[in-house]
Every structure is written in C-alpha cells, then in structure tokens.
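Below: the structure, in structure tokens.
Laboratory data are not the source of any read-out in this text; all were calculated from the coordinates shown. Worth saying up front: this structure is predicted, and the values here are computed from it rather than measured. Reconstructed Cβ throughout: ideal geometry from the backbone, glycine too, with neighbour counts over all protein chains shown.
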Amino acid sequence: MIDYDAYIGLDVHKASISVAIADAGRSGEVRLFGTIPNEPEAISKLVKKLGNRRIEFVYEAGPCGYNVYRQIEALGFDCRVVAPSHTPVRPGSRQKNDTRDAMMLARLLRAGELTFVWVPDAVHEAMRDLVRARSVASHDGRKARTLIQMFLLKHDLRYPAKSWTCSHRTWLRNRQFHHHAQQIAFQSYLNRLEQAEARKKELEEQIALVSQTWSLGRTVLNLQAFKGVGLVIAATVVAEVGTFSRFDNPRKLMAYLGLVPSEHSSGGSIRPEE
C-alpha cells in the first residue's frame with residue numbers, strides 16, 4: 001500500500017473541475033485548490049503543478065466518462081473513480097455544491113472510506129458503447145410497436161391473428177385511414193419501427209464482427225455454451241461486467257447483475273422483493 005502525501009478530490013463537470021486537497025494524516029488540512037477548465041491542457045498543468053509529491057486523485061463517475069482518469073494515469077499518477085451511490089453522505093447534510101463535493105471526496109479518499117469502481121480500458125468501453133447502442137435500438141423498436149398498437153386500438157382496428165408476423169406486417173402496411181393526416185401519423189410510426197429494427201440488425205452484425213477480434217471474444221463464445229445465452233446476451237454481459245475475477249464470489253457477481261432477491265422488512269412484516 002502506497003503512503004501518499006496528499007489526496008486530490010475532483011468534482012468533474014462538462015466545462016469545469018473543482019479541485020480540493022487533503023494533506024496526509026488525520027489532522028491534515030483539507031482545502032479548496034480552485035477550479036480549472038475541463039480541458040486536457042488544464043488537467044495536465046494541474047497534475048504537473050501538484051506532482052512534486054506522492055498524490056492520489058479521485059472523482060465520481062458521471063456523464064463525462066473516464067477521460068480524466070485516463071489522462072491522469074497516462075501522466076504517471078494514481079486516479080480512482082467512485083460510484084456516487086456508494087459515496088458516504090454526512091447525516092443531516094443538506095448543502096451540496098462543487099466545492100463541498102471536491103473537499104468531501106478528498107477527505108473520504110484520505111480516510112479510506114470510498115469504494116472504487118472498475119474502469120474499463122478504451123477498447124472495452126468501445127465494446128460497451130456498441131452493445132448499449134444495440135439496446136437503445138431494441139428499446140426504440142418496442143416503443144414503436146406500442147405506439148402502433150395504441151394507434152390501431154384508438155381507431156378500433158384489430159388484427160385477428162398473431163401480431164408481428166409477416167402477414168401482420170403486410171396487414172399494417174395496407175391500413176387506410178379516413179383522414180390524410182392520420183395516414184401520415186400512422187406511417188411515421190411504421191417508419192420508426194422499421195428504422196429501429198434495421199439499426200438493431202446492423203448493430204448485432206457489428207457485435208458479432210467485433211467480438212471476433214476482441215480480447216474477451218473467447219469469453220463471449222464460452223458463455224454461449226449455456227442454454228438460452230446467445231451472442232447478444234453474452235457480449236452484453238461481458239461488456240458490462242468486464243473482468244469476472246474482480247468478484248470475490250458468485251453471489252457478488254449475481255448481485256451486480258441484479259439477480260439476487262432483495263428484502264424490505266419492518267417490524268413483523270417481511271416482504272421479499274425480486
């Protein structure tokens with residue numbers, strides 16, 4: 001374990017980063033360093049200015065991704081990323097701003113009270129982006145189907161057989177409405193469905209192609225040996241989980257995947273939740 005001279009808390013936003021420093025030791029000073037632009041050059045200057053001693057950086061995961069982490073690591077310094085949901089909150093604290101957040105992170109990092117997240121490398125993150133894009137396309141397709149069904153129900157149009165078969169789709173394309181405006185609206189829903197399905201198919205083909213050269217492609221292939229696990233599910237699990245060895249036991253892995261039942265109990269009432 002490395003003994004650091006100082007711990008740097010970063011509150012990262014799209015345009016700016018608030019910086020706080022906690023000196024080593026329980027009585028070490030915790031102070032605001034300042035605010036810098038969230039730009040590579042500004043981050044590089046900050047690290048070099050503070051880098052005359054052993055320091056460790058930390059910030060919360062968010063929409064800005066892992067660019068700050070990778071830049072700091074590339075400059076030769078340790079950086080950690082924490083999940084906001086796992087960051088301890090002081091009881092009764094109702095004030096939240098960038099300065100307080102940065103100072104709190106620096107203080108908690110020094111105290112060893114933070115739980116760090118696993119950070120994927122750039123290639124792994126790219127694969128994760130790909131499977132998530134496929135998930136978005138699938139969600140858009142389901143949403144389009146719902147809109148089509150609701151539109152037909154509103155106009156009392158019912159298909160007598162199984163939905164979304166080839167014959168059902170032909171039936172949909174042949175629907176005619178009394179008003180031209182309604183025809184345009186319905187056609188827009190059909191177009192939305194077809195576009196989403198085309199995107200989904202294309203992305204699944206790309207997932208299959210990229211998996212062949214991915215370093216974890218063998219793991220994706222092995223997972224497909226389980227009954228009911230196809231390429232998309234296997235690639236999604238591997239992309240989201242990353243390194244399986246980071247989990248101490250199977251229960252922690254299942255909890256990460258949301259497959260462990262929870263419980264909400266109070267007094268004599270016990271209510272398991274799925």
For this session: Give, in nm to one decimal, the length gained when the segment between residue 255 and residue 179 is fully stretched (0.36 nm per residue of separation minus the Cα-Cα distance).
Result: 22.1 nm
Problem set entry | Filtered trypsin sites (Lys or Arg not before Pro), the range 162-203: DSSP coil and at most 10 other beta carbons within 10 Å | 162
Exercise. Looking at this model, which pairs from 14/45; 14/252; 14/200; 14/48; 154/200; 154/201 are more than 26 angstrom apart at the alpha-carbon?
Worked result: 14/252; 14/200; 154/200; 154/201
Problem set entry | Residues 55, 184, sorted so that the one with the fewest Cβ neighbours within 10 Å comes first | 184, 55
Exercise. Over all pairs of distinct alpha carbons, what does the Kirkwood formula give as the hydrodynamic radius of the range 137-207, in Å?
Worked result: 12.9 Å
Problem set entry | Taking 110, 145 and counting other C-beta atoms within 10 Å, the order from fewest to most | 145, 110
Exercise. Between residue 16 and residue 2, 0.36 nm times their residue separation minus their Cα-Cα distance comes to what?
Worked result: 2.1 nm
Seminar exercise, completed: Per-residue Cβ contact counts at 10 Å, fewest first, order 147, 114 as 147, 114
Exercise. Once the other residues with Cβ under 13 Å from the Cβ of residue 62 are scored (Lys, Arg +1; Asp, Glu -1), what is the net sum?
Worked result: -3
Seminar exercise, completed: Per the Kirkwood formula over distinct C-alpha pairs, the hydrodynamic radius of the range 38-191 in angstrom is 20.7 Å
Problem set entry | Calculated FRET value between residue 44 and residue 245, using beta carbons and R₀ = 35 Å, to 0.05 | 0.60
For this session: Compute the Kirkwood hydrodynamic radius of the range 6-111, taking the inverse of the mean of 1/r over all pairs of distinct Cα atoms, and give it in Å to one decimal.
Result: 13.7 Å
